[in-house]
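Notes follow once the structure below has been shown.
The values are calculated or read from the model by the stated rules, or taken from the named source; none is laboratory data. For clarity, every value in this text was computed on a predicted model and none was experimentally measured. In this analysis, Cβ positions are derived from the backbone assuming ideal geometry, glycine residues included, and neighbour counts consider all displayed protein chains. What goes into the accessible areas is simple: the full protein's heavy atoms, side chains included, and nothing from ligands, DNA or RNA. Shrake-Rupley method; radii C 1.70, N 1.55, O 1.52, S 1.80 Å.
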Amino acid sequence: MKILSGKQISEADKYTIEHDGITSEELMERAGTLVFKQIHQRLQGAPIPIKIFCGIGNNGGDGLVIGRHLIQHGYDVKLYTVAYSDKRSEDFLKNYEKIKDITNDWPGLIKEVDDFPEISVGDFVIDAIFGVGLNRPIESWVAKLVTHINDSGAFTLAVDIPSGLFDDQPPQGSVIQANYTLTFGAPKLVFYLPDTMDYAGEVQVLDIGLNKRFIAGIDSRTYLIGKQEAPALYQPRNKNSHKGDYGNILIAGGSYGKIGSVLLSATAAMHTGSGLCTLYVPKCGYEIIQSSLPEAMVLTDENEQKLSDFPIDFEADTIGFGMGAGTENESITAFEKLLQNQKKPILVDADGLNMLSKKPELLKLLPENSVLTPHPGELKRLIGEWENDFEKLEKARNFSKKFNVILVIKGAYTFILQNEELFINTSGNPGMATAGSGDVLSGVITSLMGQNYQPVAASILGVFIHGLSGDLVASAQGYEGVTSGEMARNMGKAFQYLFQKEIKTGGKE
Ligand SMILES: NC(=O)C1=CN([C@@H]2O[C@H](COP(=O)(O)OP(=O)(O)OC[C@H]3O[C@@H](n4cnc5c(N)ncnc54)[C@H](OP(=O)(O)O)[C@@H]3O)[C@@H](O)[C@H]2O)[C@H](O)CC1
Ligand SMILES: [K+]
């Protein structure tokens, strides 16, 4: 699903009105009615006091439409106009009249702090103060209303976007803390960035019938990857095939006390369908791996405890490097030897990334289209500090372009970035924040690269399947029970789920 900016959606809005014979008023009625239906489905007529805060633009207009339907269905509704300007949008005014036609309890007028209504924790608040038309910091009394709403602890539903949140830049003051956001037409980037995702709470995109052809034509290079998109990346296996068709990969890394990391990667790779998997580890890893993963072959380094060399004559379809490797100088030399003799894309993770940060001159030796899988700390060491998520994306994009690599930036939503393209993964859950989860992901992506998936497709599908396996394990054992070993062993099941129903994670929803 494409992620669009408020501006792009407004263009789609305009195009739809001009070309599909629908008025803006009808579009607002459609938007508001869809939100009403979502609320009505959940509330089922419950006598909960509903407070709707409407701005004076079309976001406010949506709030009036929602309020009208709720009133007509017998709900206990109190509407408020948050008059942060004397302007009123046309569609706001039209819907204001419609409210007056159905109730004598006209919307309360809020122009300053003294007008704020009491809000109790049992209320249901609907935030229709600002939508994507927010274009400057909100003034202080309105910011105080936002805080007043947040401090009430009332369940809050944001219409289109939490008020105070810009869709294309970091917040500049108070923002509504929504439990739920019902957004129109397309998801917005800020719903998935670490600094701002929590303002949106759970997000649902409502299709209000914006012209699909126009949207398809919008030059947006940011996509949400979910159950609709991931299956298309899967390469079915044909009957007439043999293990050679599914890649001969090399996983290189590990050091004394951290052999488990490469073992997890290799286990995940075997459960992701690799034909052959060889590990290159320090001598101390030999027995451990041979007894734990008989399916894999093992080559050992001269050194007992860490990598000090690299088997450049080993013919691998692709190499995953770095998990548990440490960053000793001998190991960096080994990495340099790998880089000097490798032309095909590789995957670099964990200490491999830290080696690149320690010795940046290695960056230019990275084969084109290699995949780097940093968590935020490793990313910082690679690209430097950032003020906010937008600057982080900018720097990461420049890094990806400069070294022609794919960045898999791990997080609550993992971002896969290649030049201007950004894919945001939506599978997974907080139970996956556990030791070895990154090693497993590296094994999955390396395996898919070895199976002839293009590196960016291997990264997108790998991240999605990795999250799916985490969801499977969490649905069986709760968030706390998720271990990376379990995830590795459930990769095959995750592939099966790729084409099946949703998984409800067993965590605290
Ligand atoms: N296609 C769709 O998705 C549809 C979206 N709808 C809803 O429309 C809003 C966007 O409505 P819009 O009227 O453009 O803007 P807002 O309602 O978000 O804001 C109202 C106006 O407020 C002014 N403004 C902006 N920032 C501030 C501020 N900090 N302080 C005071 N005033 C501010 C601005 O007007 P100016 O002329 O003053 O610049 C805004 O226009 C969208 O989010 C959806 O909810 C349609 O209802 C259905 C289709
Ligand atoms: K809003």
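Residues in region 157-174 that are over 18 Å from the mean Cα position of the chain (by Cα) and more than 12 Å from ligand 1 (Cβ to nearest atom): how many?
1
Given Ser274, Ser255, Ser292, Ser331, which one is out of contact with any Asp or Glu (no Cβ under 7 Å at 6 or more places or on another chain), more than 19 Å from Gly438 (Cα to Cα) and buried (at least 23 other Cβ atoms within 10 Å of the Cβ)?
Numbers: Ser274 fails: more than 19 Å from Gly438 (Cα to Cα); Ser255 fails: more than 19 Å from Gly438 (Cα to Cα); Ser292 fails: buried (at least 23 other Cβ atoms within 10 Å of the Cβ).
Going through Ser274, Ser255, Ser292, Ser331 in turn, the sole match is Ser331.
Pick from Asp198, Asp219: which is under 18 Å from the mean Cα position of the chain (by Cα), exposed (fewer than 15 other Cβ atoms within 10 Å of the Cβ) and more than 30 Å from Ile288 (Cα to Cα)?
Asp198
From Ala457, Ala435, grab the single residue that is assigned to a helix (DSSP H, G or I), of a type outside the set (D, E, K, R) and surrounded by fewer than 21 Cβ atoms within 10 Å (Cβ to Cβ).
Unique residue meeting the criteria: Ala457.
Can you find a residue that is of a type outside the set (A, V, I, L, M), open to solvent by 10 Å² or more (accessible area, probe 1.4 Å), within 25 Å of Lys2 (Cβ to Cβ) and within 11 Å of ligand 1 (Cβ to nearest atom) anywhere in region 184-194?
yes
Write out, first by first residue and then by second, each pair whose Cβ atoms fall under 9 Å of each other, whose residues are 6+ apart or on separate chains, and whose first residue, in region 245-258, is assigned by TED's automatic domain parsing to the domain that holds Met449 and within 12 Å of Lys306 (Cβ to Cβ) while the second is open to solvent by 10 Å² or more (accessible area, probe 1.4 Å) and of a type in the set (Asp, Glu).
Gly253/Asp351; Gly253/Asp439; Ser255/Glu328; Ser255/Asp351; Tyr256/Glu304; Lys258/Asp351
Which of the residues that make up region 469-485 are surrounded by fewer than 24 Cβ atoms within 10 Å (Cβ to Cβ) and in a helix (DSSP H, G or I)?
Taking region 469-485 as the starting set, the residues that turn out to be surrounded by fewer than 24 Cβ atoms within 10 Å (Cβ to Cβ) are 472, 475-481, 483, 485.
Within region 469-485, Leu472, Ser475, Ala476, Gln477, Tyr479, Glu480, Gly481, Gly485 qualify.
Those residues that are in a helix (DSSP H, G or I) and out of contact with any Pro (no Cβ under 8 Å at 6 or more places or on another chain), I need them from region 360-380; list them, please.
Those that are in a helix (DSSP H, G or I) and out of contact with any Pro (no Cβ under 8 Å at 6 or more places or on another chain): Pro360, Glu361, Leu362, Leu363, Lys364, Leu365, Gly377, Glu378, Leu379, Lys380.
Of the residues that sit in region 65-95 and are touching a residue at least 60 places away in the same chain (Cβ under 8 Å) and crowded, with 24+ Cβ neighbours inside 10 Å, which one is nearest to Trp141 (Cα to Cα)?
Val82
Name, by its number, the condition in (1) surrounded by 11 or more Cβ atoms within 10 Å (Cβ to Cβ); (2) away from ligand 2 (no atom under 16 Å from the Cβ) that does not hold for Ile138.
Only one criterion in (1) surrounded by 11 or more Cβ atoms within 10 Å (Cβ to Cβ); (2) away from ligand 2 (no atom under 16 Å from the Cβ) is unmet by Ile138, namely (2).
On the basis of being within 20 Å of Ala154 (Cα to Cα) and in contact with a strand residue (DSSP E or B) (Cβ under 7 Å, 6 or more places away or on another chain), does Gly60 make the cut? Lay out the reasoning, then the answer.
On the way: within 20 Å of Ala154 (Cα to Cα): yes; in contact with a strand residue (DSSP E or B) (Cβ under 7 Å, 6 or more places away or on another chain): yes.
Against the criterion (within 20 Å of Ala154 (Cα to Cα) and in contact with a strand residue (DSSP E or B) (Cβ under 7 Å, 6 or more places away or on another chain)), Gly60 qualifies.
Among residues belonging to region 1-21 that are more than 10 Å from ligand 1 (Cβ to nearest atom) and farther than 23 Å from Leu224 by Cβ, point out the one that is surrounded by the fewest Cβ atoms within 10 Å (Cβ to Cβ).
That would be Gly21.
Quick check, is Lys98 outside any loop (DSSP other than H, G, I, E, B), more than 15 Å from ligand 2 (Cβ to nearest atom) and either of a type outside the set (Phe, Trp, Tyr) or not assigned by TED's automatic domain parsing to the domain that holds Tyr192 (or both)?
Numbers: outside any loop (DSSP other than H, G, I, E, B): yes; more than 15 Å from ligand 2 (Cβ to nearest atom): yes; either of a type outside the set (Phe, Trp, Tyr) or not assigned by TED's automatic domain parsing to the domain that holds Tyr192 (or both): yes.
Yes.
Here are the criteria: (1) within 25 Å of Tyr453 (Cα to Cα); (2) touching a residue at least 40 places away in the same chain (Cβ under 8 Å). Tell me which single one Ala325 does not satisfy.
Here Ala325 meets the rest and fails (1).
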